[in-house]
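Report on one structure; see the data block that follows.
The values are calculated or read from the model by the stated rules, or taken from the named source; none is laboratory data. Being a predicted model, the structure only gives us computed values, none of them experimental. When we count neighbours, we look across all protein chains shown, and the Cβ atoms used for this are built from the backbone with ideal geometry, even at glycine.
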Amino acid sequence: MTAASSAVPADLPPDLAWRWHKQQLKQARREARAARWAPWGGHPLRGWRLPVMILGFILWWPVGLALLAFFFFWRPAMSCNAAPFAAWMSPWKDRMRERVREHVPGLGSTGNVAFDEYRQNVLARLEEERRQLDAQATEFSEFVKQLRRAKDQEEFERFMANRERKA
């Protein structure tokens, strides 16, 4: 919620201004809640998940409990975009992509030789760019580690110099 949207319109009577302000606060809380769940694709019990979980509890309580645990705990970890999992998921995704290309008809060849060559060239170029970006990201992380080490070393040396001056 921005400062401009939180300002109460001047033409509202005082009793409606308070209601309007309360409504703005509720909307801000809703947006904050949605932002917390956004990295995992939204709230775990949205859409069809809540009724399925309730049916699981009705049919047999361990099923409902298992669905509840799945929706809240295991599902976010399965996301390929989640930061801790992105590094080890990438090789797996690449292997799966290759297997799909091998076994699904229509993905290997379109029948048009010129288009297939063009597609292969573009895919090879994109793969090379991805490799370069990964290498640059690795170099940058090493650079940041070196900067942190240099800063820590400088602070340590300053501390030791101050300590020697006091002694």
Practice problem: Quick one: which residue in 41, 47 is loosely packed, with under 12 Cβ neighbours inside 10 Å, at pLDDT below 75 and closer than 24 Å to residue 66 by Cβ? | Solution: 47
Quiz item: Which residues, counting only those in segment 94-122, are at pLDDT 85 or above and of a type in the set (A, V, I, L, M)?
Solution: 114, 122
